[in-house]
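Q: Quick one: structure below, then a few questions.
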Amino acid sequence: LILDGRNYDQWSRKMKAILGYQDVWDLVQNGLIPLPENANAAQQTVYRESKKKDWKGLCILHQCVNPAIFEKIARSETSKEAWDILANSYAGDQKLKKVRLQTLRRQYELLGMEESESIAAYFTRVQTMTNQMLYCGETLSDESIVEKILRSVSSRFDHITVAIEQAKDLSTMTIEELQGSLEAHEQRMNEKKTVKPSTEQALAAQTGNKSGGNQRGRGRGRNNYRGGRGREETLLMAIEEKKSSDETVQMVSIKKEGENGEYWVLDTGCSTHMTGRREWFVELDFTIKSRVRFADDRTMKVEGVGKVMIRKKDGSLCYITGVLYVPGMKSNLLSIGQLLEKGY
């Protein structure tokens, strides 16, 4: 790390760590204690050791500045003298820091994530600015930084930020924990972008009869899958949000809910299967209850979870499990991500 005149705040913090590790920071900060007159042998020995450490600190400073700045400290006899010259030259006085802090505060409030920016890159920008504010004397808590990030990330993360705000205690959430959650979701979205629905992915599904327990339902019927880019407008995302109680709320963001009652909609952005067609279920467990929340804040009850039997394009049959039964839901939502996870 080399001081170039524009990076003093960052340079000084790193230098404190280096000088402390070399056991010379106390001398750089407080200076060398002069040798008393008529010093005895023990005092002279201590002074020589301290002087050697002081030269060591001065040598480190010489190596960590560029040639132009070295000229400012070339005549310094002690490490403290050199350090003080650099601090007075580049740290700035309190008035200058206050002016700079006001500018940083405005920039921080206007800071927002670009649409094409990654989570890691945005977190780096936020932390860089908060560190600059810290150098000017203002310390921001993790809670305030977490809240700032949640309200300023790209709109494509709206559904996950809502889930985090409702399911997590922001006062105890760390910046690293938030970054990990958002990066995991970002990775999943990026993986789903590589899955391109087409008519080649169309599947035919057919329900059959299968007896269950006292809490099971039976049905017969026929249902078809339709895939394609046009269908991605219908149902975009379903994510699970854990509440403090045992109830689970399924959050669904909908742009346009069409009349797709006879077909399954293949969607790259969905993470949960759901349908309102009870007769399509081979098995249905009514003991599992939850709710579905739509983007316009409408909610619908989930009255069970079960499985349907589908016929693939090659004619073979397989079961789709974990399908939510949502009475009254017009569209039938199939999660491509969930299908891939199950190996379909």
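Q: Can you tell me which residue within the stretch 103-115, out of those that are modelled with pLDDT of 90 or more and surrounded by fewer than 11 Cβ atoms within 10 Å (Cβ to Cβ), is farthest from Gln187 (Cα to Cα)?
A: Going through the qualifying residues, I end up with Arg106.
Q: Same structure again: Among the residues of the stretch 116-160, which ones are part of a loop (DSSP other than H, G, I, E, B) and surrounded by 13 or more Cβ atoms within 10 Å (Cβ to Cβ)?
A: Within the stretch 116-160, Glu117, Ser118, Cys136, Glu138, Leu140, Val153, Ser154 qualify.
Q: Residue check, Asp23 against (1) in contact (Cβ under 8 Å) with a residue 12 or more places away in the chain; (2) out of contact with any Phe, Trp or Tyr (no Cβ under 8 Å at 6 or more places or on another chain); (3) at negative phi, all met but one. Which one?
A: Every listed condition holds for Asp23 apart from (3).
Q: When the residues of the stretch 157-197 are filtered to those that are more than 12 Å from Glu147 (Cα to Cα) and among the small types (Gly, Ala, Ser), which remaining residue is farthest from the chain's Cα centre (by Cα)?
A: Residue satisfying both the conditions and the ranking: Ala167.
Q: Please count how many residues of the stretch 26-56 are surrounded by 10 or more Cβ atoms within 10 Å (Cβ to Cβ), within 43 Å of the chain's Cα centre (by Cα) and either touching a residue at least 24 places away in the same chain (Cβ under 8 Å) or on the phi > 0 side of the Ramachandran plot (or both).
A: Residues flagged as surrounded by 10 or more Cβ atoms within 10 Å (Cβ to Cβ), within 43 Å of the chain's Cα centre (by Cα) and either touching a residue at least 24 places away in the same chain (Cβ under 8 Å) or on the phi > 0 side of the Ramachandran plot (or both) within the stretch 26-56 amount to 4.
Q: Do any helices (runs of 4 or more DSSP H) entirely within the stretch 24-87 hold 2 or more residues that are farther than 22 Å from Tyr8 by Cα, and if so, which?
A: 41-63
The values are calculated or read from the model by the stated rules, or taken from the named source; none is laboratory data. Just so we're clear, the structure is a prediction, and the values are computed from it rather than from any experiment. With ideal geometry, Cβ positions are generated from the backbone for all residues, glycine too; neighbour counts draw on all protein chains shown.
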